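To start, the structure itself, in structure tokens.
The values are calculated or read from the model by the stated rules, or taken from the named source; none is laboratory data. Remember, predicted model here, so these are calculated numbers, not experimental data. Note: ideal-geometry Cβ built from the backbone for every residue, glycine included; neighbour counts use all protein chains shown. For accessibility, only protein heavy atoms count, side chains too; no ligands or nucleic acids. Shrake-Rupley method; radii C 1.70, N 1.55, O 1.52, S 1.80 Å.
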Amino acid sequence: VRLTNEQIDAYRRDGFLVLPAQFDMAEVEALRAAFARDTEQPGNHLVVEDGSDEVRAVYASHLRQDAFAALVRSPRMLEPALQLLGSAAYVYQVKVNAKPAFLGDSWSWHQDFGAWQIADQLERPDLVNVAIFLDDVDEFNGPVIFLPGSHEQGTVRSGRRDEHRSKQHLDPDDIALTPEQVAAISDRCGMVSAKGAAGSVVFFHPEIVHGSAANMSPHPRRLGIITYNDTSNLPRTSEPRAEYLVGRDTRALAVEDDADLALSGARFTVR
Ligand code: SIN
Ligand code: MN
């Protein structure tokens, strides 16, 4: 899947780009099933909401679930990501933000690169996020809200707050922009929420300001996010963070023939 020049220009201008209907329902179902299986496996890759057992996020499902392993290599994710990066790339991070019906909490206003600068000492914001909707996303179930064009100003906040919500990964709460910063940026940029049917994909820049409200609707909002990093922009920490947070296989990914994700899960499904 190659992006047109107009689509690339829109991404550069806005800091995000929505492509509807990239994956069909059988593929979405395969990813949902893989996600559900992955939440059954105990481990640090499971992040729960403060004060409850509700799953907030699951990391690195591509290391355990075939459907996610296929997803990160899918040319529908990878090929546009390589176009937007203009360099070789590897999988830096994979997560699903679960946001269950009625109970999914909000995600504070933040810029992703702030976290990765602090935690992994990445030198440059030469990454791209590719999010896939595992549910229909509407105004009710907590869509991601972007401040279009806000990536242009670079990373606003440096440092994390002292009272971390989490030690290993950085929750957006830990690096949240102040209300004054968000107000000033939104005056200039406005706000857009990314909505669409399950199977849609959103590319977004690591420095775009974004966040999302709690899900008080009766419908879940599961959002898969693959982050690709330039292979020449590796973490510079002496001790890398755990592999579920920061990819260790930094070899450049090659674009392969497109494959149906629904046919990729057999090994795990039969277990
Ligand atoms: C969310 O899941 O709503 C937040 C996504 C993000 O911070 O990348
Ligand atoms: Mn984010």
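Look at the dipole of the chain built from charges on Cβ: of 220, 204, 83, the Cα furthest out on the positive end belongs to 83. The stretch between residue 248 and residue 214, if pulled fully straight at 0.36 nm per residue, gains 9.0 nm over its current Cα-Cα span. Per the Cα gyration tensor, region 20-65 maps to an equivalent ellipsoid with semi-axes of 23, 12, 9 Å, ordered largest to smallest. Listed by chain and number, the lysines placed with their C-alpha closer than 20 angstrom to that of residue 167 are 95; residues fewer than eight positions away on the same chain are left out. In order along region 220-236, phi translates into HN-Hα couplings of x, 9, 8, 10, x, 10, 9, 10, 9, 10, 4, 5, 9, 10, 6, x, 10 Hz, rounded to whole numbers, per the Karplus curve 6.51 cos²θ - 1.76 cosθ + 1.60 with θ = phi - 60° and x for Gly and Pro. Summarising the amide proton neighbourhood of residue 92: residues at separation of 5 or more, or on other chains, whose placed amide H is nearer than 5 Å comprise 227, 228, 229. In region 76-127, the alpha-carbon atoms span a convex hull of 119 Å³ per residue. Take the Cα of residue 26, go 7 Å toward its beta carbon, and the backbone nitrogen atoms of region 221-260 under 11 Å from that spot belong to 260.
Applying the Karplus relation 6.51 cos²θ - 1.76 cosθ + 1.60 with θ = phi - 60° to region 91-100 yields 3J(HN,Hα) values of 7, 8, 7, 9, 8, 10, 8, 7, 6, x Hz, where x marks Gly and Pro.
One decimal place: the segment residue 239-residue 12 gains 78.4 nm when fully extended, by the rule 0.36 nm per residue minus the C-alpha distance. Here the spin labels are modelled as points 7 Å beyond Cα on the Cα-Cβ line, and at residue 121 and residue 87 they lie 1.7 nm apart. Computing FRET efficiency as 1/(1 + (r/R0)^6) for residue 41 and residue 2, where r is the C-beta to C-beta distance and R0 is 30 Å, gives about 0.25.
By the gyration tensor of its Cα atoms, with a ≥ b ≥ c the square roots of the eigenvalues, what is the shape of region 86-193: rounded for a/c under 1.5, prolate for a/b over b/c, or oblate? Judged from the Cα gyration tensor, region 86-193 comes out rounded (a/c under 1.5). If you average the C-alpha positions of region 95-173 and of region 49-79 separately, how far apart do those two centres end up, in angstrom? If you average the Cα positions of each part, the centres end up 15 Å apart. Helical content alone sets the calculated 222 nm signal of the chain at -7500 deg cm²/dmol, taking -39,500 (n - 2.57) per DSSP H segment of four or more residues and averaging over every residue. All C-alpha pair distances within region 11-159, sorted into 5 Å bins from zero, spread as 2, 7, 16, 19, 22, 19, 11, 3, 0 percent across the bins.
In sequence order, region 145-161 has phi-based couplings of 9, 9, 9, x, x, 6, 5, 5, 7, x, 7, 7, 9, 10, x, 10, 6 Hz under the Karplus curve 6.51 cos²θ - 1.76 cosθ + 1.60, θ = phi - 60°, and Gly or Pro positions carry x.
Surface analysis of the chain yields an accessible area of 44 Å² per residue, using protein heavy atoms and a 1.4 Å probe. Overall, the accessible surface of the chain at a probe of 1.4 angstrom is composed of carbon and sulfur to the extent of 51 percent.
Remark: the chain carries a charge dipole of roughly 380 debye about the Cα centre, counting +1 on each Lys and Arg Cβ and -1 on each Asp and Glu Cβ.
When the Cα atoms of region 10-95 are aligned to their principal axes, the ranges along those axes come out at 40, 29, 24 Å in descending order. In summary, the lysines within cross-link reach of residue 195, defined as a Cα separation below 17 angstrom excluding same-chain residues under 8 places away, comprise 99.
Positive-end ranking of 252, 102, 25 along the dipole of the chain, with charges on Cβ about the Cα centre, is headed by 252. Size estimate for the chain follows the Kirkwood approach: the inverse of mean 1/r over distinct Cα pairs works out to 18.6 Å.
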